[in-house]
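Structure, as structure tokens:
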Amino acid sequence: MSTTLPSLLSRLTWLLAPGRCVLCGLASHRQRDLCDVCEADLPALLDPCPRCALPLASGVSGLCGPCLLRPPRYLSLTAACSYQDPADLLVQALKFRRLRPAARVMAEVMYERLPATSLPREAWLLPVPLHPWRQWQRGFNQSVLIAQELARLGGWRMLSRAVRRRRATRPQSGLNRAGRRRNLANAFEARPGRVPEQVIIVDDVVTTGTTLDALTRTLLRAGAREVHAWAFARTPP
Ligand SMILES: [Zn+2]
Ligand SMILES: [Zn+2]
């Protein structure tokens, strides 16, 4: 067992304040604020398409049909869970109940479930920017909190202030695909010279991928060559 100062401090913190599960509220009996029963309940993605993270038809390898016809601009989308019970509760606990430890828990699960070679270590993490007004209303950007934890876990660098959300877009729910794309056209703006070649966009939940695609377009126009996306949960089809 390692006895470095950080590991001693972390064990001491755990003794003084043992983990409490953000989902069931019981003592987690480990350093994580998620008990192993609730963690095992987080539904993994079954046979995901590497490009969009939706399930592949049985017997299919490579990309799904829609991605073969019209691939998204990002090169890959990796998600830790399907956006179903109880993964949705974890997302809502952070976003609406402002339960900050949920961000760390989500990042830990994302990091542990990440396939070994799927995301480049030299890339920079970019949390999906919120419009300043929405961020002010909420008090935080949940994707920033998750990305900060991922950066700490995996040693990635974080991109901050390279991209901003230009317009307060209408909520995407209730719009069809074309409406969503129109709603998000030019929603993001990159600062010239601030975008690195490799970027990993971080988000809590991906529903249609339209936001990711719009953000990817902005990044590619600003000089990025390779854009990946990494989310805690993916909405099932
Ligand atoms: Zn629990
Ligand atoms: Zn696909």
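I'd like to compare 45-56, 99-110, 66-77, 211-222: which one has the highest average count of other Cβ atoms within 10 Å, and what's the full order after that?
The packing order, highest mean first, is 99-110, 211-222, 45-56, 66-77.
Here's how it looks for Leu125: its modeled amide H is under 5 Å from those of Arg157, Met158, Leu159, Ile200, which are all 5 or more places away or on a different chain. Whole-Hz Karplus values for the stretch 35-45 come out as 6, 5, 5, 5, 5, 5, 6, 5, x, 6, 7 Hz, taken residue by residue from phi with 6.51 cos²θ - 1.76 cosθ + 1.60 and θ = phi - 60°; glycine and proline positions read x. Determine which residues of the stretch 188-212 fall in the zone a paramagnetic label at Trp136 would reach in this model, i.e. backbone nitrogen under 20 Å from the point 7 Å along Cα→Cβ. Backbone N within reach: 188-189.
So for the stretch 127-211, considering every pair of alpha-carbon atoms, how many percent are separated by more than 23 Å?
When every Cα pair of the stretch 127-211 is considered, 25 percent fall beyond 23 Å.
Can you tell me what share of the DSSP beta bridges in the stretch 139-237 is antiparallel? A percent to the nearest 5 is fine. Around 25 percent of the beta bridges assigned by DSSP in the stretch 139-237 are antiparallel ones. Its Kirkwood hydrodynamic radius, worked out from the mean inverse distance over all distinct Cα pairs, puts the stretch 50-173 at 16.4 Å. Positive end of the dipole of the chain, charges at C-beta (+1 Lys, Arg; -1 Asp, Glu), about the Cα centre: which of Trp133, Gly19, Leu5 has its Cα farthest in that direction? Result: Trp133. Take every pair of alpha-carbon atoms less than 8 Å apart whose residues are at least six positions apart; their mean separation over the length of the stretch 43-234 yields a relative contact order of 27 percent. If you plug the beta carbon distance of Arg100 and Leu63 into 1/(1 + (r/R0)^6) with R0 = 45 Å, you get a FRET efficiency near 0.75.
Out of all DSSP beta bridges in the chain, what portion is antiparallel? Express it as a percent rounded to 5. Counting only bridges with both partners in the chain, antiparallel ones make up about 20 percent.
Debye-formula intensities of the chain, expressed as log10 I(q)/I(0) at q = 0.12, 0.15 Å⁻¹, are -0.70, -1.08 (one equal scatterer per alpha-carbon, no solvent).
Of the peptides 143-151, 131-139, the order by per-residue mean of other Cβ atoms within 10 Å, starting with the highest, comes out as 143-151, 131-139. Helices that extend 15 Å or more along their long axis by alpha-carbon positions and average at least 0.0 on the Kyte-Doolittle scale are, among the DSSP H runs of the chain, 5-16, 101-112, 142-154, 210-221.
A short reminder: the numbers here are calculations on the coordinates, not readings from a lab. Since the model is a prediction, treat every value here as computed from it, not as a measurement. Cβ sites come from the backbone with ideal geometry, for glycine too, and all protein chains shown count toward neighbours.
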